[in-house]
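J.: Here it is, the structure, as structure tokens.
The values are calculated or read from the model by the stated rules, or taken from the named source; none is laboratory data. It should be emphasised that the depicted structure is a prediction, and the values quoted were computed from it without experimental measurement. Cβ coordinates were reconstructed from backbone atoms using ideal geometry, including for glycine residues, and neighbour counts include every protein chain displayed.
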Amino acid sequence: MKDHLIISRRHFLRASFFGGLGAVAATRLADLQAVVARPPAAAMSRVGLTTGDSRADLAFRALQPFGKQIAQAIGKRRVVIKPNNVSIDVPLCATHAETIEGILEFLKSIKKLDRVVIAESAAGGPTLDGFSNYGYPKLTGTYPVKLMDLDQEPVDLMHVFDEKDFRPHPIRMSRVLLDPNTYIISAARMKTHDRVVATLSLKNIIVGAPIKDPGFRWGGGKAGTKNDKPIIHGSGFRGINYNLFAVAQRLHPHLAVIDGFEGMQGNGPVGGTPVDHRVCVASPDWLAADRVAVELMGIDSAKVGYLNFCANAGLGQGDLAKIEVVGARVADHIKPYKLSDNIEKQLIWLKPAQPA
């Protein structure tokens, strides 16, 4: 297994800006190359790793080493806890209420519980139905927090890449998450994925940000309603890896909490099977947290395209040798996850596209 995320600058350029993209955006290539050439973060990053039998306790203890740092970073900003509720009625795919409870207890301990919302745009149906199904309303009875459906909030327009036509496509993104006065906590679940190998803290935020029309539901719903989440996927394995990297430069978690108490393996993010892992990862460096989580899942980090791209652009610390793990030892808690059945197709991002 690789000891850190490795991909050459040349390979990165060929995998990311493949085929006709260079022709479409030739005037911007020098700027893009400058971004890619930016050296990875040199400083050490710290990641909390806890194990045990209580989700809430695991999250709380994983965050404790960063209390002062997090309090200072929050300042007077509103805190948004973003769970991963890709489906509204599959508990294994979603962020458990107890994980959020642990985060709220931590925020209470650092006196940052006065402006907190739990916000999501669920992919498959009404967000608030998912909140109800997963027991989130009980949290509002214990803590001074609000539940927010991002589909009902203002949006900003961004553009993302599509590999079918090598053109930018407009996408509606949550203004709440893009607001610089928002401190974003990604409350993710440790899962394998059928498009990008693994879905962790970054993907939770970026794919949660595109909104859908009220009334949209997978397999039905109100006629004429649209869901912008497929647009971020870029029509292919190359497209989604590039878009996650590109959007991460503007939108990413300020704090990552990855619940691996019960992970998902196989055909995630919805159709996988449970893994009894009993770990939790947390860090103000989302990339370092995702890197440690990948290691714990027994996944070769070189296979996860968007994390390699982000590491090469210096968006966080992707070198395991430069990550100080506070708490449990990573090597003692590695549990190999079965990857998606289509893993070989996913890895096409490693190969340059062939000209048509």
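J.: Restricting attention to region 217-240, report how many residues are surrounded by 15 or more Cβ atoms within 10 Å (Cβ to Cβ), of a type outside the set (Asp, Glu) and part of a loop (DSSP other than H, G, I, E, B).
T.: Counting residues in region 217-240 that are surrounded by 15 or more Cβ atoms within 10 Å (Cβ to Cβ), of a type outside the set (Asp, Glu) and part of a loop (DSSP other than H, G, I, E, B) gives 4.
J.: Taking region 210-264 as the search range and keeping residues that are modelled with pLDDT of 95 or more and of a type in the set (S, T, N, Q), which one is farthest from LEU92 (Cα to Cα)?
T.: Among those residues, the one meeting the criterion is GLN249.
J.: Just for helices (runs of 4 or more DSSP H) wholly inside region 122-216: which have at least 1 residues that are within 21 Å of PHE261 (Cα to Cα)? Working first, answer last.
T.: Working: elements: 127-133, 137-142, 175-178, 201-208.
Ranges flagged: 127-133, 137-142, 201-208.
J.: Another question, if that's okay. For region 251-284, which residues satisfy the criterion of being hydroxyl-bearing (Ser, Thr, Tyr) and surrounded by 20 or more Cβ atoms within 10 Å (Cβ to Cβ)? Explain how you work it out, then say what you get.
T.: Here is the first cut: in region 251-284, the residues hydroxyl-bearing (Ser, Thr, Tyr) are 273, 283.
SER283, the sole residue that qualifies.
To keep it simple, each residue is scored yes or no on (1) of a type in the set (Lys, Arg); (2) within 20 Å of MET173 (Cβ to Cβ); (3) surrounded by fewer than 16 Cβ atoms within 10 Å (Cβ to Cβ).
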site: PHE106; (1), (2), (3): no, no, no
site: SER109; (1), (2), (3): no, no, yes
site: ILE118; (1), (2), (3): no, yes, no
site: ALA122; (1), (2), (3): no, yes, no
site: TYR134; (1), (2), (3): no, no, no
site: TYR143; (1), (2), (3): no, no, no
site: ASP149; (1), (2), (3): no, yes, no
site: VAL160; (1), (2), (3): no, yes, no
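J.: Given the structure, is ASN267 at pLDDT 95 or above, assigned to a helix (DSSP H, G or I), of a type outside the set (A, V, I, L, M) and out of contact with any His (no Cβ under 6 Å at 6 or more places or on another chain)? Before you say what the answer is, go through the steps one by one.
T.: Details: at pLDDT 95 or above: yes; assigned to a helix (DSSP H, G or I): no; of a type outside the set (A, V, I, L, M): yes; out of contact with any His (no Cβ under 6 Å at 6 or more places or on another chain): yes.
Answer is no for this residue.
J.: Only one of (1) under 9 Å from the mean Cα position of the chain (by Cα); (2) more than 22 Å from ASP129 (Cβ to Cβ) is not met by VAL197, so which one is it?
T.: All conditions pass for VAL197, except number (1).
J.: Return yes when LYS351 is of a type in the set (Lys, Arg) and under 19 Å from the mean Cα position of the chain (by Cα) and no when it is not. Break it down into steps so the answer makes sense when it comes.
T.: Working: of a type in the set (Lys, Arg): yes; under 19 Å from the mean Cα position of the chain (by Cα): no.
Answer is no for this residue.
J.: Can you tell me which residue is surrounded by the most Cβ atoms within 10 Å (Cβ to Cβ) among those in region 92-104 that are of a type outside the set (Asp, Glu) and over 23 Å from ASP228 (Cα atoms)?
T.: We begin by selecting, within region 92-104, every residue of a type outside the set (Asp, Glu); these are 92-97, 99-100, 102-104.
Imposing the further condition that a residue be over 23 Å from ASP228 (Cα atoms) reduces the set to 92, 96-97, 99-100, 102-104.
Details: LEU92: 19, HIS96: 22, ALA97: 19, THR99: 25, ILE100: 26, GLY102: 26, ILE103: 29, LEU104: 23.
Per the stated criteria, the residue is ILE103.
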